[in-house]
Amino acid sequence: QVQLGESGGGLVQAGGSLRLSCAASGLTFSSYAMGWFRQAPGKEREFVARISWNGGNIYYGTSVKGRFTISRDNAKNTVYLQMNSLKPEDTAVYYCAADDSVIGGTKGSSYDYWGQGTQVTVSS
């Protein structure tokens, strides 16, 4: 059974930082591209970042480019999202997802497995 578990969310002041982690089990982690998405109340799911199987191909959503960094450690079956210079508009539930294409895409429909999400709240 494939499981993805996010952690590291919480409440932070604007301008602060958080690091999210997503640990995967039940799949060959290095065979999957990994992505991060977020969803705020009343809004559609938004692409945040994705990383290819070996970390060699990385892509960010426009709203987070230059502030967020995605990385992965295949030995630990874990993908990370370092979030700096956080803004109130970054407030959302953040989800990690796995895509068996190994490169990954920017649409949620490209991903095969999803975590339960972790809440990030950024206050003014």
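The values are calculated or read from the model by the stated rules, or taken from the named source; none is laboratory data. Everything quoted here is computed from the prediction, not taken from an experiment. Every residue, glycine among them, receives a Cβ derived from its backbone with ideal geometry; neighbour counts consider all protein chains shown. Ligands, DNA and RNA are excluded from the accessible area calculation, which covers all protein heavy atoms including side chains. Shrake-Rupley method; radii C 1.70, N 1.55, O 1.52, S 1.80 Å.
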(Q) Looking for something buried (at least 19 other Cβ atoms within 10 Å of the Cβ), among the β-branched types (Val, Ile, Thr), at negative phi and in contact (Cβ under 8 Å) with a residue 24 or more places away in the chain - is there at least one such residue anywhere in the stretch 1-9? (A) no
Q.
Just to verify a result, which residue in the stretch 98-124, among those that are touching a helix residue (DSSP H, G or I) at 6+ places or on another chain (Cβ under 7 Å) and hydrophobic (A, V, I, L, M, F, W, C), is nearest to GLY35 (Cα to Cα)?
A. VAL102
Q: May I ask you to list the residues in the stretch 1-41 that are more than 19 Å from VAL102 (Cβ to Cβ), in a loop (DSSP other than H, G, I, E, B) and either touching a Pro at 6+ places or on another chain (Cβ under 6 Å) or modelled with pLDDT of 95 or more (or both)?
A: GLY8, GLY9, ALA14, GLY15, GLY16, SER17, ALA40
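Picking from ASP73, ASP90, which residue would you name as being more than 11 Å from the chain's Cα centre (by Cα), buried (at least 16 other Cβ atoms within 10 Å of the Cβ) and farther than 21 Å from SER110 by Cβ? It would help to see each step written out before you state the result.
Working: ASP73 fails: buried (at least 16 other Cβ atoms within 10 Å of the Cβ).
None of the other options fit; the residue is ASP90.
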**Q.** Subset of the stretch 48-65 (residues that are assigned to a loop (DSSP other than H, G, I, E, B), of a type in the set (Gly, Ala, Ser) and touching a residue at least 12 places away in the same chain (Cβ under 8 Å))
**A.** SER52, GLY55, GLY61, SER63
Q. Hey, does the stretch 94-111 have a residue that's under 11 Å from the mean Cα position of the chain (by Cα) and surrounded by fewer than 22 Cβ atoms within 10 Å (Cβ to Cβ)?
A. no
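How many of the residues making up the stretch 112-124 are open to solvent by 40 Å² or more (accessible area, probe 1.4 Å) and within 11 Å of the chain's Cα centre (by Cα)? Don't jump to the end; show me each part of the working.
Just the residues of the stretch 112-124 that are open to solvent by 40 Å² or more (accessible area, probe 1.4 Å), to begin with: 112-114, 116, 119, 121, 124.
Filter once more, so that each one left must be within 11 Å of the chain's Cα centre (by Cα): 114.
Residues flagged as open to solvent by 40 Å² or more (accessible area, probe 1.4 Å) and within 11 Å of the chain's Cα centre (by Cα) within the stretch 112-124 amount to 1.
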